[in-house]
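Chemist: Can you keep this structure in mind? I'll have questions shortly.
The values are calculated or read from the model by the stated rules, or taken from the named source; none is laboratory data. These numbers come from a predicted model, not from an experiment. Here the Cβ is made from the backbone with ideal geometry for all residues, glycine too, and neighbour counts use every protein chain on show. Protein only, heavy atoms only, side chains kept; ligands, DNA and RNA dropped before computing areas. Shrake-Rupley method; radii C 1.70, N 1.55, O 1.52, S 1.80 Å.
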Amino acid sequence: MHTPNLWVRPQPGAPPPPGPRPDRHAPAPLTPEVAVSGDPAQRRSRTALLSALGLAAASAGVWAGLGSAPSAQAAASVPTPDHVVVVVFENHAYNQVIGSSSAPYINSLKSGGASLPASYAETHPSQPNYYAMFSGSTQGVTDDSCVTPGFSSAPNLASEVIAAGKTWASYNETLPSQGSTKCTSGKYAQKHNPWFGFSNVPTSSAYTFAQFPSDYTQLPQVSFVTPNLCSDMHDCSVSSGDTWLKNNLGAYATWAKTHKSLLVITFDEDNRLAGNKIPTVLYGQQVTPGSSSPTTYNHYNLLRTIEDMYGTAHAGQAANSTDITGIWTS
């Protein structure tokens, strides 16, 4: 595969992405200076007490400030991989994939990595889930109709990663050409590529899958891979999607295991028969082999986790969501 040499990086002097960034953890005020009267012993005692209170207040302010910083949250709860690759498959429930003989490769990644047996999508049909996963909101999208490119300027994973000085790209199988905003082309469908809906995500950061680097050190820090309508199990079988994953990203998964990187496999929605419970598997060096978390998670939790891995702001509902925990090696 061709290795592109352009990643999306913040431009000097570029403003941060739009959206409020409230400071919910303002430092506590320091104790004001007061006059101290009385004998020397009383003055020394009161002065020491006020100094201690002032130091405690200052410390509280410092720690509150750290608590509001995404990078501090990242250090506390989730690792920071060198590279994260998220692959999104289509329209299958948890039990259709996990434990299925039709998906031996995905299940091998589950055994060597982690699974989330209580992972859920937000809604139906497909497209709103992609927007939720990418921006913490469905952005008013309710169906699978093609959107007007750049219709939203809301914060999203890509705009946040870029603003934080990190690198981002998407790799889209059967995309007609790099940056193409075409609605459909053969087995390519824009509805599975939410980045095209945002004016703050450069279209040039949307590559064809043929441009996925063979030298994985050249990957951006955060990327999404969108298989086409057959490879993603939408039009074809679970087995076909499992084989596609092994053939096209198996080498990356093996490399990630020894190069501080991460592969995330998830689904947009279920088959409408399982309460929207979907498979989600994580595999990489910083994932505890054979682990799982019983916590209920959704796409917003996945978004929040990636944001906190790289110390970015939080888009939409990700701000009210928790990180995925209980599966990391440290």
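Chemist: Taking a quarter of the surface of the convex hull around the Cα atoms of region 149-247, what do you get in nm²?
Modeler: Answer in nm², one decimal: 6.5.
Chemist: Same structure again: Could you state the accessible area per residue of region 150-245 in Å², with a 1.4 Å probe and every protein chain left in place?
Modeler: Each residue of region 150-245 exposes 30 Å² on average to a 1.4 Å probe.
Chemist: Looking at region 82-184, I'd like the Rg to Rh ratio, where Rg is from alpha-carbon atoms and Rh is Kirkwood's inverse mean 1/r.
Modeler: Reported Rg/Rh, Kirkwood definition of Rh: 0.98.
Chemist: Going 7 Å from the Cα of THR288 in the Cα-to-Cβ direction, what parts of region 83-117 have a backbone nitrogen less than 19 Å from that spot?
Modeler: 109-117
Chemist: Then there's this: For region 218-330, list log₁₀ I(q)/I(0) at each q in 0.13, 0.20, 0.23 Å⁻¹, using the Debye formula over Cα point scatterers of equal strength and ignoring solvent, two decimals each.
Modeler: Debye intensities relative to I(0), on a log10 scale: -0.57, -1.36, -1.53.
Chemist: Give me Rg/Rg_expected for region 205-277, where Rg uses Cα atoms only and Rg_expected = 2.2 N^0.38 Å with N residues.
Modeler: Computed over Cα atoms of region 205-277, the ratio equals 1.23.
Chemist: How about LYS191: which lysines have a C-alpha closer than 16 Å to its C-alpha, ignoring those fewer than 8 places off in the same chain?
Modeler: LYS182
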